[in-house]
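Peer 1: Here it is: the structure, laid out below.
The values are calculated or read from the model by the stated rules, or taken from the named source; none is laboratory data. These numbers come from a predicted model, not from an experiment. Backbone-built Cβ (ideal geometry, glycine too); neighbour counts: all protein chains shown. Quick note on the areas: whole protein, heavy atoms, side chains included, nothing else; ligands and nucleic acids left out. Shrake-Rupley method; radii C 1.70, N 1.55, O 1.52, S 1.80 Å.
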Amino acid sequence: MKKKTVDIITMGCSKNLVDSERLMGLFESNGYTCTHDSENPQGEIVVINTCGFIEDAKQESIDTILEFAQAKDEGRIRKLYVMGCLSERYLADLEQEIPNVDKYYGKFNYRELIADLLREEHGASLPVCNHAVRHLTTPSHYAYLKISEGCDRHCAYCAIPIITGRHQSRPMDEILDEVRWLVAQGVKELQVIAQELTYYGIDIDGKQHIAELIDRMADVDGVEWIRLHYAYPTHFPADLLRVMRERKNVCRYLDIALQHVSDSVLARMKRNVTKAETYELVRQLRREVPGIHIRTTLMVGFPGETDEDFEELMEFVKWARFERMGAFAYSEEDGTYSANNYPDDVPPEVKQRRLDRLMRCQQNISAELEAEKVGQTMRVIIDRREGDYYVGRTEFCSPEVDPEVLIPVAEKRLRIGSFYDVKVTGAEEFDLYATTKTDSI
């Protein structure tokens, strides 16, 4: 057990990852050494950044807390702290059920952790550095950029507003300063994230400013790719599509969760959008941004979903031909409108059968769309070397969740984090194969 070493364990989404990176920066500015998600944590202090979004994620976070609580009891670590969404929502329950954690923090007060630790171990005379920067845990050429926190949408099934509270946009100048700092660290690709990025600015002056923000980010020298995650379909800002179409470094990629298409299901979900509006939005995206790749998430088994509702969803997926799609079965979340007002009346076996059908349909669509890329020349960024291949991504692929491009190592020496033009030579359901056409660009 090494003195003044901290292992940070991050559960859940990329927004949690940004919080972990900021906490690591605070620790390191005060003389600690940090590791992140190491397979065999060796630090004397462990911090678990939890997820509380859905039941499986909550259980994984609880199991991880119990694992490290046992390690503390056995003397393998000295201190254990817990932060994040799960402890934000269930603080009192966790303190009672797992009392051998040194202290629990929520999602927004985690900076107090380092202040409390310094006060306890070194006296109040050693201050927290308020200007600490993030410790980036991603490959050096890309990073996540969180532009807001919280959500003012109140979808019936979603616990996020309960956990995060009201939407709060970060000041635009502060975000742009962070973009310039990230570029100075070698970052070329920005994954812009928020619980709901199209709402950006409304809490400041009542207007959507996401298009202005992305336009100004695109002006920063050194920003090669900007990718947008977690949009909302209602009142989608049309001027954002102009920015995506006109700015070469804004990827033609949009992550927008549509959830369903049946009017009756959308109404019970409190999505404030109709089937007709959803179809028109997809048409608008494809019309105004030629070549756009749409990533969406859909839900099956929401309370009251009939066979007819599900068939509408199947027809929508066949029509829309999403380039990227994920789906999940509804699970009841404490405190949400649907948990309080709707019986969970779709049997688990029906949910699973619908989910399986939907994903089989999407897998066929994905395979067809990827096969259409064979013979095309595409620009890729190289993420890593893996076995006999360099692994890269096009502008249409977000890290970790989307298809990758495999380029034979034997062909040419490539630099991690550099861009290359490649010719696609083959396609599988989730991967492309390619050969390089140029030196790095």
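Peer 1: When segment 235-246 is examined, which residues are found to be surrounded by fewer than 16 Cβ atoms within 10 Å (Cβ to Cβ) and outside any helix (DSSP H, G or I)?
Peer 2: Within segment 235-246, just H235 meets the criteria.
Peer 1: So, restricting to helices (runs of 4 or more DSSP H) that lie completely within segment 1-120, which ones have at least 2 residues that are at pLDDT below 85 and charged (D, E, K, R)?
Peer 2: Values: elements: 14-29, 55-73, 85-89, 91-97.
Correct list: 55-73.
Peer 1: Go through (1) at pLDDT 95 or above; (2) surrounded by fewer than 20 Cβ atoms within 10 Å (Cβ to Cβ); (3) farther than 29 Å from R286 by Cα; (4) of a type outside the set (K, R) and name the single condition D221 misses.
Peer 2: (3)
Peer 1: Also, quick follow-up: Kindly list the number of the only condition in (1) open to solvent by 50 Å² or more (accessible area, probe 1.4 Å); (2) of a type outside the set (K, R); (3) in contact (Cβ under 8 Å) with a residue 40 or more places away in the chain that fails for H260.
Peer 2: Unmet condition: (1).
Peer 1: Among the residues of segment 278-290, which ones are surrounded by 13 or more Cβ atoms within 10 Å (Cβ to Cβ) and more than 19 Å from K318 (Cβ to Cβ)?
Peer 2: Across segment 278-290, the qualifying residues are Q284, E288, V289.
Peer 1: In addition: Exactly one of (1) under 25 Å from the mean Cα position of the chain (by Cα); (2) open to solvent by less than 50 Å² (accessible area, probe 1.4 Å) is unmet by D309. Its number?
Peer 2: (1)
Peer 1: Looking at segment 192-233, which of the residues that are out of contact with any helix residue (DSSP H, G or I) (no Cβ under 7 Å at 6 or more places or on another chain), assigned to a loop (DSSP other than H, G, I, E, B) and in contact (Cβ under 8 Å) with a residue 60 or more places away in the chain is nearest to T164 (Cα to Cα)?
Peer 2: Checking each candidate, the answer is A194.
Peer 1: Okay, moving on. Does segment 8-21 contain any residue that is more than 17 Å from I163 (Cβ to Cβ) and in contact with a His (Cβ under 6 Å, 6 or more places away or on another chain)?
Peer 2: Yes, segment 8-21 contains a residue that is more than 17 Å from I163 (Cβ to Cβ) and in contact with a His (Cβ under 6 Å, 6 or more places away or on another chain).
Peer 1: Pick out, from segment 379-435, the strands (runs of 3 or more DSSP E) lying fully within it that include 3 or more residues that are open to solvent by 40 Å² or more (accessible area, probe 1.4 Å). Don't jump to the end; show me each part of the working.
Peer 2: Numbers: elements: 389-393, 404-408, 419-427.
Hits in segment 379-435: 419-427.
Peer 1: While we're looking at this one, here's another question. Please go through segment 390-424 and pick out each residue that is in contact with a His (Cβ under 7 Å, 6 or more places away or on another chain) and either aliphatic (A, V, I, L, M) or within 20 Å of G375 (Cβ to Cβ) (or both).
Peer 2: Of everything in segment 390-424, just one residue is in contact with a His (Cβ under 7 Å, 6 or more places away or on another chain) and either aliphatic (A, V, I, L, M) or within 20 Å of G375 (Cβ to Cβ) (or both), namely F396.
Peer 1: Please name all residue pairs, on different chains or six or more residues apart, with Cβ atoms under 7 Å, provided the first residue is in segment 62-85 and is over 16 Å from V6 (Cβ atoms) and the second residue is among the charged types (D, E, K, R).
Peer 2: Note: pairs meeting the criteria are C85/K107.
Peer 1: Sticking with this one: Can you tell which of R324, R393, R384, R415 is without any contact (Cβ under 8 Å) to a residue 24 or more places away in the chain and under 26 Å from L145 (Cα atoms)?
Peer 2: On the way: R324 fails: without any contact (Cβ under 8 Å) to a residue 24 or more places away in the chain; R384 fails: without any contact (Cβ under 8 Å) to a residue 24 or more places away in the chain; R415 fails: without any contact (Cβ under 8 Å) to a residue 24 or more places away in the chain.
None of the others qualify; the one that does is R393.
Peer 1: Quick one: would you say S366 is polar (S, T, N, Q), in contact with a strand residue (DSSP E or B) (Cβ under 8 Å, 6 or more places away or on another chain) and closer than 30 Å to V261 by Cβ?
Peer 2: yes
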